[in-house]
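The values are calculated or read from the model by the stated rules, or taken from the named source; none is laboratory data. As the structure is a prediction and not an experimental result, all values here were calculated from the model. Heads up, the Cβs are rebuilt from the backbone with ideal geometry, glycines too, and the neighbour counts pull from every protein chain shown.
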Amino acid sequence: MTMNCTRTGEALLAGAGYPLPQREDSDFRLDRTDSDEWEITVVSSRARAWVHEELCNPLCQCLRDSFKVDVLGADRFLKQVHALGFRTEFVGTGGKDLF
């Protein structure tokens, strides 16, 4: 059974000490790590296969499950994957949003 929580529901669960529900419907997660650095994490197996196929060069080392970019790189990457039908979970100070 999957549970779709709102941001308020997640805050109430976290405040009560319960673990936050894992969302299986996102492919990538975007976290802000620094004032000018963002981390994109590959969450789903479908996204992992796409990253391996499209972004890994046979002659160089493949990307890991997460990589850090600046805000323009994050914007460019997310526009590209959204155009392909992937979904992104954004983790911000107000909670999590799914795009």
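Quick notes
- Here Leu72 clears all of (1) at pLDDT 90 or above; (2) of a type in the set (A, V, I, L, M); (3) touching a strand residue (DSSP E or B) at 6+ places or on another chain (Cβ under 7 Å) except the condition numbered (3).
- Qualifying residue in the stretch 3-21 (condition: exposed (fewer than 15 other Cβ atoms within 10 Å of the Cβ), modelled with pLDDT of 85 or more and farther than 18 Å from Gly94 by Cα): no
- Residues (in a loop (DSSP other than H, G, I, E, B) and within 13 Å of the chain's Cα centre (by Cα)) located in the stretch 34-57: Val43, Ser44
- Leu78 at pLDDT 85 or above, surrounded by 10 or more Cβ atoms within 10 Å (Cβ to Cβ) and not basic (Lys, Arg): yes
- Selection status of Leu59, within 21 Å of Phe99 (Cβ to Cβ), at pLDDT below 80 and surrounded by fewer than 16 Cβ atoms within 10 Å (Cβ to Cβ): no
- Any hit, the stretch 89-99, residues being touching a strand residue (DSSP E or B) at 6+ places or on another chain (Cβ under 7 Å), at pLDDT 80 or above and β-branched (Val, Ile, Thr): no
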